1. Please report the net charge: other residues with Cβ closer than 13 Å to the Cβ of residue 240, K and R +1, D and E -1.
2. Show me 48-60, 205-217 ranked by packing, highest mean number of other Cβ atoms within 10 Å first.
3. Given charges of +1 on the Cβ of Lys and Arg and -1 on the Cβ of Asp and Glu, with all other atoms neutral, how large is the dipole of the range 169-326 about its Cα centre, in debye to the nearest 20?
4. Given the convex hull over the Cα atoms of the range 174-291, what projected area results after averaging over all orientations, in nm²?
5. Convert each backbone phi in the range 122-132 into a coupling constant with the Karplus relation 6.51 cos²θ - 1.76 cosθ + 1.60 (shift: θ = phi - 60°), then list the ³J(HN,Hα) values in order as whole Hz, x for Gly and Pro.
6. Which residues' amide hydrogens lie under 5 Å from the amide hydrogen of residue 179, considering only partners 5 or more residues apart or on another chain, with H built in the peptide plane?
7. Taking only DSSP H segments of four or more residues, each worth -39500 (n - 2.57), what value at 222 nm results for the chain once the sum is divided by all its residues, to the nearest 500 deg cm²/dmol?
8. Using the Cα atoms of the range 292-346 to build a convex hull, what is its mean projected area in square nanometres?
Amino acid sequence: EAGADDAATREAVTARAGRVVGASPAGLHRVDFACPEGLSDEDAARWTLARAAALAGADGVVAADPNWRRAPSLAPDDPYFDLQWGLAQVHAEQAWDVTTGAASTIVAVIDTGKTNHPQLAGRWTGGYDFVSDPAYSDDGNGRDADPADAYDPSGGYLPFFHGTFCAGIIAAATDDGVGVAGLTWATQILPLRALSSAVGGTDEDIIEAIYYAARLPNASGTLPAQRAHVINMSLGGPGYSQVFQDAITDARNAGCVIVAASGNEGTFTPSYPAGFAGVLSVGSVGYLKQRTSYSNYGSTLDLVAPGGDMSADRNGDGYPDGILGCNYAAGSGGPDPIYEFAEGMS
């Protein structure tokens, strides 16, 4: 950007072995420097930045910057993407310009298990059912190698397929012209069933799932082919447990990143496992990036993410400001895949 004296600007460029190759009435000058041959891309970038910095301090020059090349942000063609305001809030499109994920990355979702939702076809890898007590297992037995989210319509309740919803937020098939977009386009989900849809799960079952995800000895007597890179626990409750903390520490030492929801109680009191050392504790914000009423908060919180508010439509899109994700419509004839808005720390 030139000052009022165009001649001084051109003289400053020439004195630094550059040449003006274009100019506009707005006072902008496009300047070219001959980069030395044989430099690596990184060294060439440093050299260019140094030329711009040197020119910026010259008489007749108001400002000098690299002529950066920019590109449109990558946007998927999923028809409900425009309703996923949470992805825009976390700058997903800008992140996708850097990477859309890799199939070699594994996220263990310790939750209610997996389903056959079409947007997660091909994204599940392995898995295990760690629910130990048949009395609340929903599938009538204890631990086994089937991580399917059990649903018994005779149970008198309509379950929310929580594990599917969480997995869909992470890894629903994206840019496929169908449904919603996931945060990653290729990541594999390791489904570890440790919760019953009806009554939740015990520390023992969750801890065994953590050890399995970290590829450490566990009650299943088996190990996954590869440990998880990330362990997601959209679950929680009160009460510190040293045994649970030790499991977190062991999984961290094995190389896992561990993430947990801070809790839905709207309180300063820590919820666990989010409150354990070594866990990334995630709170919730709504469309206006303000803490949602149900989100726990306090000194153990590390991050916030879109959690939604089903009582409002602040973006005016005609739908409640929940998070749109993959779920099932449960009925006596069996569940059918749907897309549904929900709110919460998960």
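1. My count for the surroundings of residue 240 gives -2.
2. 205-217, 48-60
3. Its charge dipole is roughly 240 debye.
4. Mean projected area for the range 174-291: 9.4 nm², to one decimal.
5. Karplus values, whole Hz, x for Gly and Pro: x, 9, 6, 9, x, x, 7, 9, 9, 5, 8.
6. 80
7. Estimated from H runs of four or more residues: -6000 deg cm²/dmol.
8. Numbers: hull surface 21.3 nm².
Projected area, direction-averaged: 5.3 nm².
The values are calculated or read from the model by the stated rules, or taken from the named source; none is laboratory data. Predicted model only: the values in this text are computed from it and were never measured. Reconstructed Cβ throughout: ideal geometry from the backbone, glycine too, with neighbour counts over all protein chains shown. For the accessible areas, the whole protein counts, side chains as well, though only heavy atoms, and no ligand, DNA or RNA atoms are used. Shrake-Rupley method; radii C 1.70, N 1.55, O 1.52, S 1.80 Å.
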